[in-house]
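K.L.:
Please read through the structure below; I'll follow up with questions.
The numbers here are math on the coordinates, done by the rules we state, and not lab data. It should be emphasised that the depicted structure is a prediction, and the values quoted were computed from it without experimental measurement. We place every Cβ from the backbone using ideal geometry, glycine too, and count neighbours over all the protein chains shown.
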Amino acid sequence: MSFTAKKNILNFLSVVCLISWVLFIYFYFFHFQNSAPTKPNPETGQIYEVNNHGYLFYLTKDQKTEAFVPLFIAIACLAIVAVLEWRWKVYRRIYVEPPKRFP
């Protein structure tokens, strides 16, 4: 596999990791905060507490799971990028090792 292909794979996985992390923050703290009740509601199943800097709201188990899926994707992508970078050393070649000059 070429150096450029390896670099593109790592860049793609890094972007997916970043987007997933932002989606987790958005879903968990902002999206559901505007529609969830501030007191537990056992009739609808919204009994799982979320504390956003002192603002309490409650989600259903499905909503909480839906909010955490992007977090798991971000962690998985980060782990894959770390392992691939350890094996391929793409960014090390770009940023650490000086380019070889021919006379």
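K.L.:
Hey, what do the phi angles of segment 18-33 turn into as Karplus ³J(HN,Hα) couplings, whole Hz, using 6.51/-1.76/1.60 and θ = phi - 60°, x for Gly and Pro?
P.N.:
5, 5, 5, 5, 5, 5, 4, 4, 5, 5, 5, 10, 10, 4, 6, 4
K.L.:
Here is a follow-up. Run the helix sum for the chain: -39,500 (n - 2.57) per DSSP H stretch of 4+ residues, divided by residue count, reported at 222 nm to the nearest 500 deg cm²/dmol.
P.N.:
Counting only the DSSP helices, I get -19500 deg cm²/dmol.
K.L.:
Given 0.36 nm per residue, what is the gain on full extension from Val15 to Thr44 after removing their alpha carbon distance, in nm?
P.N.:
6.8 nm
K.L.:
Additional query: Rounded to the nearest 0.05, what FRET efficiency do Ile25 and Arg101 give with R0 = 41 Å and r taken as the Cβ-Cβ distance? Could you check?
P.N.:
Once the sixth-power term is evaluated, E becomes 0.40.
K.L.:
Between Thr65 and Gln33, with labels modelled 7 Å along Cα→Cβ, what's the label distance in nm to one decimal, could you check?
P.N.:
Rounded to a tenth, the inter-label distance reads 2.5 nm.
K.L.:
Give the long-range amide H neighbours of Gln46: residues separated by 5 or more places, or on another chain, with amide H under 5 Å away, using H modelled in the peptide plane at 1.01 Å from N.
P.N.:
Asn41
K.L.:
What percent does the relative contact order of the chain come to when contacts are Cα pairs within less than 8 Å and at least six residues apart?
P.N.:
With pairs under 8 Å counted, the relative contact order is 33 percent.
K.L.:
Please compute the net charge surrounding Ile94, taking Lys and Arg as +1 and Asp and Glu as -1 over other residues with Cβ under 13 Å from its Cβ.
P.N.:
+3
K.L.:
Taking 7 Å along the Cα-to-C-beta vector as the label spot, tell me the Trp88-Ile75 distance in nanometres, rounded to one decimal.
P.N.:
Going from the Trp88 label point to the Ile75 one covers 2.4 nm.
K.L.:
Please give the charge dipole size of the chain, origin at the Cα centre, charges +1 on K and R Cβ atoms and -1 on D and E Cβ atoms. Round to the nearest 20 debye.
P.N.:
880
K.L.:
Now for a separate question. Show me, for segment 36-45, the HN-Hα J-couplings you get by feeding each phi into the Karplus relation (A = 6.51, B = -1.76, C = 1.60, θ = phi - 60°), rounded to Hz, glycine and proline as x.
P.N.:
8, x, 8, 10, x, 10, x, 5, 9, x
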